[in-house]
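Colleague: Below you will find the structure I want to go over with you.
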Amino acid sequence: MKGIRPLVAGNWKMNGLGASLGELSSLLERLNRDPVATDIMVCPPATLLSLAREVLMGSAVALGAQDCHPLPSGAHTGDLSAEMLADAGAEAIIVGHSERRADHGETDALVNAKAAAAHRAGLTAIICIGETEAERRGGATLDVVGRQLAGSVPPSAAAANIVIAYEPVWAIGTGLTPSADDVGQVHGFIRAGLKQRLGEAEGSDVRILYGGSVKPANASEFLSVAEVNGALVGGASLKASDFYGILSTYAETNA
Ligand code: 13P
C-alpha cells in the first residue's frame, strides 16, 4: 500500500453556534489522551472560523471552510472570498459539495474556478464529486464522476493542494451507503483519472476521501478500502464523541 497519510475532515454544513466550540475543546481533550494517526480537519460555518482558530491553535486539528466566491474581492454581497477565509484561519475550502451543486446550481466550471481561488489564496481545495441516486440506478456513476473530476479540478491542482471527496449524493445524510466494493471501484477510477491528469507521481499522492453517512460503526469498513485515504464526515462530525469514534479507526498503534 502507498504511504498516503489519511485525512478525516468534518463538514459542519449550516450547523453550529458559538456554544458548539465546546465540542472542539472536547475533541482536543480526547485526542490529547488518545492520539490518532491521521490528519484531522474541522470545517465549521464561516461565522465560527476565527473563534475555532483560537480553540484549535497549536493542536493537531486543522481548520477548513465551506465554499468561497471565485474572485478575491468585489461587489458580491454576502459572499466570501478564499482570501477572507484564509485570513480568518482556514487552511482548506470545501468546494463543489453536492448541496451547493443542487441548492445553488453550481456547475463544474464554477467549482473549478472556486478551487482555483482556494489555490490563489494558498489553500487546499477539497473538491466534492458524486452521483445522484437516479444516475447510479441508470448505471452512469463512473460517467458522472469522471465528468465532474475532469471539469472541477483546476489547472493549478497538485497532490499537495487538492483533496478529492467522493460523496454519492444519495448516501449523504440518509444512512444509506454504497458497498465497500462499490466505493473501491469508484475510488480506483478516480485514482486512474488523477494519474492521467496530473501524472503518475502526483496523481498517486492525491488524497481521495469517501463521504456519505460515515459513522463510528461503519468507518472501518470504508476506511480499509483500497484508495480510500480518509473520510469527509457530515452529521457525525458535530459531536466530539462521534467524530472521535471515526478518527479512532486510525488508532496510533496501527500506524
Ligand atoms: P453525512 O455524513 O451527514 O452523510 O454528510 C456527508 C457530507 O455531505 C460531508 O460533506
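None of the figures in this text is laboratory data; all of them are computed from the coordinates on show. Fair warning: this is a prediction, and the values are worked out from it, not measured in the lab. Don't worry about glycine lacking a Cβ; one is built from the backbone with ideal geometry, like all the others, and counts go over all protein chains shown.
Colleague: Would you please state the base-10 log of I(q)/I(0) at q = 0.15 1/Å for segment 152-237, with intensities from the Debye formula using one equal scatterer on every alpha carbon?
Modeller: -0.53
Colleague: Turning to a different aspect of this structure: Taking 0.36 nm per residue of sequence separation and subtracting the Cα-Cα distance, how much length would be gained by fully extending the chain between residue 57 and residue 176, in nm to one decimal? Spell out each step's value before the answer.
Modeller: Details: separation 119, 0.36 × 119 = 42.84 nm, distance 3.55 nm.
Taking residue 57 through residue 176 to full extension adds about 39.3 nm, to one decimal.
Colleague: Using the Cα centre as the reference, give the magnitude of the dipole from point charges on the C-beta atoms of segment 18-95 (Lys, Arg: +1; Asp, Glu: -1; all else neutral), rounded to the nearest 20 debye. Kindly include the intermediate steps, with their values, before the conclusion.
Modeller: Working: 3 positive and 10 negative charges, 33 e Å.
Roughly 160 debye, rounded to the nearest 20.
Colleague: Can you give the helix-only mean residue ellipticity at 222 nm for the chain, where every DSSP H stretch with n ≥ 4 adds -39500 (n - 2.57) and the sum goes over all residues, rounded to the nearest 500 deg cm²/dmol?
Modeller: Numbers: 11 runs with 101 residues, N = 255.
It comes out at -11500 deg cm²/dmol, rounded to the nearest 500.
Colleague: Going by amide H atoms built from the backbone, whose H comes under 5 Å of the H on residue 163, apart from near neighbours?
Modeller: 125, 126, 127
Colleague: Share of antiparallel DSSP beta bridges in the chain, in percent to the nearest 5?
Modeller: Working: 1 of 32 bridges.
DSSP beta bridges in the chain are roughly 5 percent antiparallel.
Colleague: Could you tally up the Lys pairs in the chain with alpha carbons closer than 17 Å? Skip any pair fewer than 8 positions apart unless they're on separate chains.
Modeller: Numbers: 2/195; 13/215; 13/239; 215/239.
So the count of such lysine pairs works out to 4.
Colleague: Here's a follow-up. Would you work out the relative contact order for the chain, in percent, from Cα pairs under 8 angstrom that are 6 or more residues apart?
Modeller: Details: 515 pairs, mean separation 53.7, N = 255.
It comes to 21 percent, rounded to a whole number.
Colleague: Work from the charge dipole of the chain (Cβ charges, +1 for Lys and Arg, -1 for Asp and Glu, about the Cα centre) and give the residue of 209, 55, 159 farthest towards its positive end.
Modeller: The residue sitting farthest along the positive end of the dipole is 159.
Colleague: Given Cβ point charges of +1 (Lys, Arg) and -1 (Asp, Glu) and nothing else, what value in debye, to the nearest 20, does the dipole of segment 108-245 about its Cα centre take? Display every interim value, and only then the final one.
Modeller: Values: 11 positive and 14 negative charges, 71 e Å.
For segment 108-245, the charge dipole is close to 340 debye.
Colleague: Compute the separation of the alpha-carbon centres of segment 154-173 and segment 82-149 and state it in Å as a whole number.
Modeller: Between the Cα centre of segment 154-173 and that of segment 82-149, the gap is 7 Å.
Colleague: Here's another thing I want to ask about it. Given 219, 250, 170, which one lies farthest toward the positive end of the charge dipole of segment 151-255, if we put +1 on the Cβ of every Lys and Arg and -1 on the Cβ of every Asp and Glu?
Modeller: So the residue we want is 170.
Colleague: Provide the packing ranking of 175-184, 79-88, 141-150, i.e. peptides ordered by the mean count of other C-beta atoms within 10 Å per residue, highest first. Intermediate values should be presented prior to the final figure.
Modeller: On the way: 175-184: 15.4, 79-88: 19.4, 141-150: 17.5.
Going by the mean number of other Cβ atoms within 10 Å, highest first, we get 79-88, 141-150, 175-184.
Colleague: With θ taken as phi - 60° and the coefficients 6.51, -1.76 and 1.60, list the Karplus ³J(HN,Hα) couplings across segment 210-226 in order, rounded to whole Hz; mark glycine and proline as x.
Modeller: Calculated HN-Hα couplings, in order: 9, x, x, 6, 6, 10, x, 6, 10, 4, 5, 4, 7, 6, 8, 6, 4 Hz.
Colleague: Note down the net charge around residue 84, summing +1 for each Lys or Arg and -1 for each Asp or Glu among other residues with Cβ under 13 Å from its Cβ.
Modeller: Details: positive: 120; negative: 67, 79, 83, 87.
Taking every other residue near residue 84 into account, the sum is -3.
Colleague: Over the Cα atoms of the chain, what Rg and Dmax result, in angstrom?
Modeller: Rg and Dmax of the chain, Cα atoms, are 16.9, 51 Å.
Colleague: Between residue 10 and residues 5 or more places away or on another chain, which pairs have amide H atoms under 5 Å apart, with H built 1.01 Å from N, and which residues are they?
Modeller: 41, 42, 43, 233
Colleague: Amide H of residue 131 versus every other amide H placed in the peptide plane: which residues, excluding those fewer than 5 positions away on the same chain, fall under 5 Å?
Modeller: 169
Colleague: Hey, got the dipole for the chain? About the Cα centre, +1 on K and R Cβ, -1 on D and E Cβ, debye to the nearest 20? Don't skip to the answer; put the middle values down first.
Modeller: Values: 19 positive and 28 negative charges, 28 e Å.
The calculated dipole for the chain is roughly 140 debye.
Colleague: For a Förster distance of 22 Å, can you work out the FRET efficiency between the beta-carbons of residue 251 and residue 204, rounded to the nearest 0.05? Walk me through the numbers before you get to the answer.
Modeller: Numbers: r = 25 Å, r/R0 = 1.15.
Plugging the Cβ-Cβ distance into 1/(1 + (r/R0)^6) gives 0.30.
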